[in-house]
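Below is one structure, written out as structure tokens, with a few remarks after it.
Rule-based calculations on the coordinates, nothing more; no lab input. Here the structure is a predicted model, which means the values were calculated and not measured. Ideal geometry is used to build each Cβ from the backbone, glycine not excepted, and the neighbour counts take in all protein chains shown.
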Amino acid sequence: MTEFTSSEGITRSAKKTLRYLIFKRMSIPITAQLFGAHPAVMAEAAKMVEDLGYDAVDINLGCPARK
């Protein structure tokens, strides 16, 4: 499972964000944990990680941490 990853960063192809999505094929099954506030952006980011080979997407709908 990845670190929590910004859906905005994924859709903007931010290098700092995309580094969280690097994984080795032997690490499967693999899940991407996405967070964000905009449903359309979340959907686009989920499609992008699916295209990268992720087996599942965990949508974070809230976290008690400020950041």
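Summary of values
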item: Charge context of GLY36, other residues only, Cβ under 13 angstrom, K/R +1, D/E -1; result: -2
item: Sequence-distant aspartates and glutamates (8 or more away, or on other chains) whose Cα lies within less than 16 Å of LYS15; result: GLU3
item: For the chain, calculated [θ]222 nm from helices alone, where every DSSP H run of n ≥ 4 adds -39500 (n - 2.57); result: -8500 deg cm²/dmol
item: At R0 = 22 Å, FRET efficiency that the Cβ-Cβ distance of ALA14 and ASP55 yields, to 0.05; result: 0.40
item: Folded to 0 to 90 degrees: helix 39-51 orientation relative to the chain principal axis, Cα; result: 10 degrees
item: Amide H contacts of THR5 (H built 1.01 Å from N, under 5 Å, at least 5 apart or other chain); result: GLN33, LEU34, PHE35
